[in-house]
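This report refers to the structure that appears directly beneath it.
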Amino acid sequence: MAEACCATIPRVRTLAALLTVVFMLAAPLSAQDALSDARRLYNEGKYEGAERAARTALAMARTANSARVVLGRALLELFRETASQEHFAQAREALRTVNADQLDATERVELMLGLGQGLFLEDRFAAAADVIEPMIVPSTTLGPMAHERALDWWASALDRHAQTRPVAERAPIYARIIGRMESELLRETGSAPANYWVAAAARSSGDVEGAWNAAMASWVRSILGRDRGVAVRGDLDRLVIQGIIPDRAARIGGQESNMVVAGLVGEWEAFKASWTR
């Protein structure tokens, strides 16, 4: 009986050695899976899940540096949802401790977009725009949604910056937005942020008639967008009703401004009916 028991010891040692090898091979795979899950969840807008997966990847040396990029960006989105200063502080800590030398080209784009978004959320709008702008073209490597988000963050940052400046200094800032968005429309005619911002920036620069015409053009072009224009048409409608029409009515002036507004609203509604499927 003792001999039978002792005879199993080599087999036990062999099994232990095999389990060790399996664990060593599985650990890198598990780390990479966690990082991939974090990116996927972030891209799907599931930021709490992205945070959890990124923290799992952060605990593993092989993926820790890349995980900080995803974790920081996910925490920034959670800050937008919750206004929790703890989320923002952790996001900034994650992003500022990334070793950029260890990132690939795609991850560097993600990092810079995260840093730009962080500056925006700190109300450092001009700095945010300067960080994001060089990443607009490279962001196409992250997919169309990421590229559109980069465009929108950049334009929003410049818009917020313009609002802090004297009126006389705003026109060149909005011209910068219009120029970029017009170039984008040459590349991707259905681009939602480009179609919105060519009209919004024209209105904010004081070119009310240009904004009116741009809004109509964007409404028609938006059918080429990924969602056939559903989202941007809602934004354009609010821009026209709440901004462009009151501005046009104010320029026309007179004692019958309410009638002017009503007439312009009717014209806009008729236009939409004519050009909406």
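Nearest 0.05, what FRET efficiency do D237 and R55 give at R0 = 51 Å with Cβ-Cβ as r?
0.80
Taking the chain as the reference, fit the longest principal axis to its C-alpha atoms, fit the long axis of helix 257-274 to the helix C-alpha atoms, and give the angle between the two in degrees, 0 to 90, nearest 10.
60
Looking at the range 44-103, what % of the alpha carbon pairs are farther apart than 12 Å? Mind showing how you got there, number by number?
Numbers: 1095 of 1770 pairs.
Of the Cα pairs, 62 percent sit more than 12 Å apart.
Could you check which residue among A175, A250, A214 shows the biggest mean-square fluctuation in a GNM of the chain with a 10 Å Cα cutoff?
A250
Tell me, what is the FRET efficiency for S30 and L121 to the nearest 0.05, using R0 = 30 angstrom and their Cβ-Cβ distance as r?
Numbers: r = 32 Å, r/R0 = 1.08.
Once the sixth-power term is evaluated, E becomes 0.40.
Determine, at each q value in 0.10, 0.13 (inverse angstroms), the log₁₀ of I(q)/I(0) that the Debye formula gives when each Cα of the chain is one equal point scatterer.
Evaluating at q = 0.10, 0.13 Å⁻¹ gives log10 I(q)/I(0) of -0.64, -0.93.
Once each part is reduced to its C-alpha centroid, what is the distance from the range 193-251 to the range 42-65 in angstrom?
Going from one Cα centre to the other spans 38 Å.
Simple spin-label model, 7 Å along Cα-to-Cβ: N99 to W275 in nm?
Result: 5.4 nm between the two label points.
Where a number appears in this text, it was derived from the coordinates with a stated rule and is not lab data. Because the structure is predicted, anything quoted here is derived from the model rather than measured. FYI the Cβ positions are ideal-geometry reconstructions off the backbone, even for glycines, and counts take in every protein chain you see.
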